[in-house]
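Notes follow once the structure below has been shown.
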C-alpha cells in the first residue's frame, strides 16, 4: 500500500523509506525527515512519542471525520483540504483544534503529557496535519478499515 505501511513500519521500528516511516522517524528520533513535526515545540522530546497514540485514538472510530468536520465548520476547509490533498499542508492554530475536538479531549491530552491545555492543543495542531496527510497519500482518505488499521498501529507506539 506504500505510504501508510511505510509510515507505520517506521513507528514500529521497521524500515520505512519515507512516508509515515519518515514522519515518525523524524518525530520519534528527532531527525530532519520529520518536517514540521521535528521542528515543533515538542520535537525530539519523548512527549511526542506519547502524543502520537493519543492523536491516533482521537482520530479512530470516525474521529478523523469528526475532527475534519469540526474544523470545516469553523471555516478551516482550505486547511483540512490541504492535509488530504497531495499539496503542501496549511497549518491550523491550537485554538482551532481545541474548538474542533472539544476542551475535554485537549484537557485529557494535556493531563497525560503534563503540559498546559494551550501547549497540548498546539502540539496536536502541529502533528495533526502531517498525520492526516500521511493517511491520505493519494489525495483522498482511504476506506475506514484501512484508517482504523493505521490508527491501531499508531496507538501501539510506545512512550
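The values are calculated or read from the model by the stated rules, or taken from the named source; none is laboratory data. For clarity, every value in this text was computed on a predicted model and none was experimentally measured. Methodologically, a virtual Cβ is constructed for each residue, glycine included, from the backbone with ideal geometry; neighbour enumeration extends over all protein chains shown.
Can you tell me how many residues in the stretch 33-49 are at pLDDT 55 or above and over 12 Å from the mean Cα position of the chain (by Cα)?
So the count comes out to 3.
Could you check, for the stretch 103-126, whether at least one of its residues is more than 25 Å from residue 46 (Cβ to Cβ) and surrounded by 13 or more Cβ atoms within 10 Å (Cβ to Cβ)?
Checking the stretch 103-126: not a single residue is more than 25 Å from residue 46 (Cβ to Cβ) and surrounded by 13 or more Cβ atoms within 10 Å (Cβ to Cβ).
Can you pull out the residues in the stretch 134-146 that are within 16 Å of residue 66 (Cα to Cα) and buried (at least 22 other Cβ atoms within 10 Å of the Cβ)?
135 - this is the single residue of the stretch 134-146 that is within 16 Å of residue 66 (Cα to Cα) and buried (at least 22 other Cβ atoms within 10 Å of the Cβ).
Considering 82, 108, 136, 116, which residue is at negative phi and at pLDDT below 90?
One residue alone meets the criteria, 136.
Suppose the filter is assigned to a helix (DSSP H, G or I) and in contact (Cβ under 8 Å) with a residue 60 or more places away in the chain; does residue 57 pass it?
yes
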